[in-house]
Structures are given as structure tokens and as C-alpha cells.
Amino acid sequence: MFVAAAIASVLYAASLLFSASGKISKQPQMVQNLNSVGVKTEQFRYLAALLVAAAVGLIIGLWWAPLGIAAAAGAAVYFLLAIGAHVRAKVGQYQFPGAFLLVALIVLVLRIASA
């Protein structure tokens with residue numbers, strides 16, 4: 001079970017870092033999506049910092065399970081709130097935050113099961 005949790009954690013951490021890099025570099029599609037739900041460009045770095053923290057927590061959490069569990073739970077909350085922002089703004093683009101939420105929950109379950 002730990003091997004599955006480790007693989008999922010590493011892959012998910014990489015995807016979180018990729019998402020963070022899009023926010024930091026202000027990729028046009030990222031800017032458009034975030035602005036459409038009311039996130040100002042100045043706030044992108046804070047969102048990116050949360051994603052980087054989750055990614056680092058997932059990796060370090062391979063050696064210290066409570067941190068990995070907390071990082072996966074934190075990522076799940078982050079993307080649950082992202083879906084809420086889309087609902088509030090009446091923007092029907094839930095596929096990306098929904099997919100990231102689903103993977104966060106899978107990583108969380110695997111990490112708990114392997115702790």
C-alpha cells in the first residue's frame with residue numbers, strides 16, 4: 001500500500017507544482033480562469049504558495065506520515081474551496097478543480113491506509 005501512496009504522492013506533488021508554476025508565470029489561460037472567479041492577479045502568488053506547500057508536504061510526508069496526510073487533506077480543502085469559488089461566480093468550469101480534488105482524496109486515503 002505504501003508504494004501506491006508514494007507513487008500517487010509524487011505524481012500529485014508534480015501536478016501541484018505545475019499548477020503553481022502557471023499561477024506564478026501568469027499563463028493567460030490561468031489568469032482568465034482565476035479572474036473569472038474573482039481572484040485578483042496580485043493574489044496568484046498566495047495560491048501558488050499554498051500549492052507548493054502541499055507538494056513539499058506530500059514529499060516530506062513520505063518519511064513522516066502525519067505531514068503527508070495533512071498535506072493531502074489541505075490540498076483537498078484548497079480544491080473544494082476552488083470549486084466553491086466557481087459555484088459562487090456561476091462559472092461552470094469544474095473539471096480541473098474537480099479532478100485535483102478527486103486525486104487529493106485518493107492520495108489522502110492511500111496515505112492514511114499506508115501510515
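The values are calculated or read from the model by the stated rules, or taken from the named source; none is laboratory data. Fair warning: this is a prediction, and the values are worked out from it, not measured in the lab. Positions of Cβ are generated from backbone atoms using ideal geometry, with glycine treated the same way; all protein chains shown enter the neighbour counts. Just so you know, the surface numbers come from the protein's heavy atoms only, side chains and all, with ligands and any DNA or RNA stripped out. Shrake-Rupley method; radii C 1.70, N 1.55, O 1.52, S 1.80 Å.
In table form, for the structure just shown:
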| quantity | calculated |
| --- | --- |
| Answer residue from segment 68-115, given it is small (Gly, Ala, Ser), assigned to a loop (DSSP other than H, G, I, E, B) and closer than 20 Å to residue 30 by Cα and is least open to solvent (accessible area, probe 1.4 Å) among those | 89 |
| Filter pass, residue 56 being in a helix (DSSP H, G or I) and either free of Cβ contacts under 8 Å to residues at least 12 places away in the same chain or closer than 19 Å to residue 95 by Cβ (or both) | no |
| Pairs, first touching a residue at least 60 places away in the same chain (Cβ under 8 Å) in segment 1-27, second open to solvent by 50 Å² or more (accessible area, probe 1.4 Å), C-beta under 6 Å, six or more apart | 1/113; 12/103 |
| Within segment 39-64, considering residues that are in contact with a helix residue (DSSP H, G or I) (Cβ under 7 Å, 6 or more places away or on another chain) and of a type in the set (Gly, Ala, Ser), the one surrounded by the fewest Cβ atoms within 10 Å (Cβ to Cβ) | 48 |
| Qualifying positions in segment 74-111 - over 22 Å from residue 34 (Cβ atoms) and in contact with a helix residue (DSSP H, G or I) (Cβ under 6 Å, 6 or more places away or on another chain) | 105, 107, 108, 110, 111 |
| Test: residue in segment 15-31 that is open to solvent by 40 Å² or more (accessible area, probe 1.4 Å), at pLDDT 95 or above, of a type outside the set (Ser, Thr, Tyr) and touching a Phe, Trp or Tyr at 6+ places or on another chain (Cβ under 8 Å) | yes |
| Hits in segment 33-44 - residues which are assigned to a helix (DSSP H, G or I) and modelled with pLDDT of 90 or more | 34, 35, 36, 41, 42, 43, 44 |
